[in-house]
Every structure is written in structure tokens, then in C-alpha cells.
Amino acid sequence: MILAVDIGNTYLKIGLWDGDLLSTNWRLTTDYLRTWDEYGLQLLGLLTHYGLNLSALKGAAISSVVPPLTEKLQHAIQDYLNLDPLIIHHKLKLGISIKYEDPSAVGTDRLCDAVAVQQKYGGPACIIDFGTATTFNALTARGDYLGGAITADLGISADALFQKAFKLPRVELKRPPSVIGKNTIHAMQSGLLYGYIALVDGMVSRFRLELGETMKVIGTGGMVSTIAKETNSINIVEPHLTLDGIRRVWEMNKK
């Protein structure tokens, strides 16, 4: 069994891999104030509740875009699971070539997504990760990670609208009865959801102009299921793509 940990700005995602099978996964709220003892006890509790004998754990790997928590999770895994986790960074063996101007500036979650797509589907590909920030990532047919685009996610856009517009209420992010809203709530839902869909479709079209007509589009992240239902731009939905990439990076660097 391999433990994969994806430390994001909003959630800490944990996957337990048995070979290439994701046995189970958990999602915790990212908490900057929690100590590594608290994280360690939480990890231990989850694995114990799942019924896992800790001796079955052969390795662990961490991808983090939250530097203050990287060391905490590293210590938690060392102290409570008796494993020395692999901390993923751009200098490891990844099976892709990073063409970003500053490779160290690329979020390791984006790199792990690209690793998983390269091995499972190959390029050219546009990988869309609907996380706290929505990222569009370009992978060439040769396996070159070129970079991409970053924008606010649907939730951040909704929060900004609620906070900045005095008379607009906070709304549930779901499909309204029609594109033309007949009341304020439906009008906001339409603008947020379908405006965001238009953004996704537009970015995919622009990526295709640069990567070619054979470009695949793979979606992942918390909002992917909601978005994929409303657009034909996404060919493949992979909710746990980052965890899969983390596991694959560990496999390539386990020695």
C-alpha cells in the first residue's frame, strides 16, 4: 500500500493505493494551525478505522502547494506511520520534460496531474484542475509540460460577488432552470455557472489552436463533475488524477 497526500489551499486529500487501484480516499480541511501531532493522530485514526495494518504501508509521498504544512505532514508521517515520505519537487524523475521558465515555480499538483496524464493517455493534452484556483495545463505529444493558465475557481467568483455587491445574496452553485434568470438567484446562478462554462470552453479552444486538433481534455478537481455535465469540451473526467500522479511519482523514485 502507498499513501499519497495532496496538500491544497482548501483541502488535504489523502489516497491509499494498492498497486494502481485506489482503495480509499479522504478529504480533510486544510488547517494551518494544526500541529504535526494532530495531523499524525488524524492520519493514524483514518488508517486504523479503515482496518489497515500499518505494516502493509510500503511508502508515502506528499505533493504540497502550502509550504508551511509540508514539514508538518512530513513529521506526522514519520512519527506516527514510521515512514519517510517522498516530498515531490520538480527535480525528481517525472517522465515529463518541464519547459516552464522557472520549473520550481510550478505547483507540484500540476506536475503530478501531467505525470498521470502522460502515462495514462499521452499528449497532446489540456489538463484542467478545478481546485481553489482553476489551472489549465498544456502537455505536448512529446511529453513536454509547457505551462498553462491560472484563474479563480467558481466558488471564489461567487464569494467575491456576494462580498462586493451589497444587494446580491449568497447562492447555491447549481444549474438554474434556464440561462435567462427570472429572479436574482437564478440570474446569479446562470451568470456564475454558464459564464464559467464559457470560460472553460474558450480556454480549451485557445489551447487547441496551439496544441493541435488531436488534443485531449482531461478534467479533475472538486468541481469537475458539475462542470463536465455542462460542457462537451472535457473528454475525460479523472476526479483523483493528482493522487494518481503522486503515486506514480513515488513509483518512479522509490529507490
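Any read-out appearing in this document is the output of simple, stated calculations on the displayed coordinates, not a laboratory observation. Here the structure is a predicted model, which is why all the values come from computation and not from measurement. A quick note on method: Cβ atoms are made from the backbone with ideal geometry, for glycine too, and the neighbour counts reach across all protein chains shown.
Run the quick spin-label model on residue 37 and residue 175: label points 7 Å from Cα toward the beta carbon, then report their separation in nm to one decimal.
5.0 nm
May I ask for the distance between the Cα centers of region 172-220 and region 40-55, given as a whole number of Å?
With region 172-220 and region 40-55 each reduced to a Cα centre, they are spaced 40 Å.
Which far-off residues, 5 or more places away or on another chain, put their amide H under 5 Å from the one on residue 98, with H placed in the peptide plane?
When sequence neighbours closer than 5 places are left aside, the close amide H contacts are 145.
Using the 10 angstrom Cβ neighbour count as an exposure proxy, how do 34, 27, 247 rank, fewest first?
Working: 34 18, 27 12, 247 24.
With the sparsest Cβ surroundings first, the list reads 27, 34, 247.
Residue by residue through region 121-130, what is 3J(HN,Hα) from phi via Karplus (6.51 cos²θ - 1.76 cosθ + 1.60, θ = phi - 60°)? Round to whole Hz and write x for glycine and proline.
Using θ = phi - 60°, the values come out as 10, x, x, x, 8, 10, 9, 10, 10, 8 Hz.
Where in the chain are the DSSP H helices whose alpha-carbon span along the long axis reaches 20 Å or more and whose Kyte-Doolittle mean is at least 0.5? Display every interim value, and only then the final one.
Values: long enough: 36-50 (21 Å, 0.02); 67-81 (21 Å, -0.57); 184-211 (39 Å, 0.64).
Span-like helices in the chain: 184-211.
About the Cα centre of the chain, what is the dipole size in debye to 20, counting +1 per Lys and Arg Cβ and -1 per Asp and Glu Cβ, all else neutral? Let's see the in-between values first.
Values: 25 positive and 25 negative charges, 94 e Å.
Its charge dipole is roughly 440 debye.
Given Cβ point charges of +1 (Lys, Arg) and -1 (Asp, Glu) and nothing else, what value in debye, to the nearest 20, does the dipole of region 2-87 about its Cα centre take?
On the way: 5 positive and 9 negative charges, 29 e Å.
Computed about the Cα centre, the dipole is about 140 debye.
Using alpha carbons only, what's the Rg to Rh ratio of region 1-114 with Rh from Kirkwood?
Working: Rg = 14.1 Å, Rh = 14.6 Å.
Result for region 1-114 is an Rg/Rh of 0.96.
Determine the calculated [θ] at 222 nm for the chain from helices alone, applying -39500 (n - 2.57) to every DSSP H run no shorter than 4 residues and normalising by the residue count; nearest 500 deg cm²/dmol. Numbers along the way, then the final one.
Numbers: 7 runs with 100 residues, N = 255.
So the helix-based figure for the chain works out to -12500 deg cm²/dmol.
Give me the Kirkwood hydrodynamic radius of region 97-245 in Å, from all C-alpha pairs, to one decimal place? All intermediate terms of the calculation are to be shown ahead of the outcome.
Numbers: mean 1/r = 0.0623 Å⁻¹.
Evaluated over region 97-245, this radius sits at 16.1 Å.
Given 80, 32, 54, which one lies farthest toward the positive end of the charge dipole of region 1-85, if we put +1 on the Cβ of every Lys and Arg and -1 on the Cβ of every Asp and Glu?
Among 80, 32, 54, the one farthest towards the positive end of the dipole of region 1-85 is 32.
Rank these for me by crowding, 159, 6, going from fewest to most other beta carbons within 10 Å.
Numbers: 159 13, 6 27.
Fewest to most other Cβ atoms nearby, the residues stand as 159, 6.
Percent antiparallel among DSSP beta bridges with both residues in the chain, to the nearest 5? It would help to have the intermediate numbers written out before the result.
Numbers: 27 of 45 bridges.
The antiparallel fraction comes to roughly 60 percent.
Place a point 7 Å from Cα of residue 100 in the direction of its Cβ. Which residues in region 121-135 have their backbone N less than 18 Å from it?
125-135
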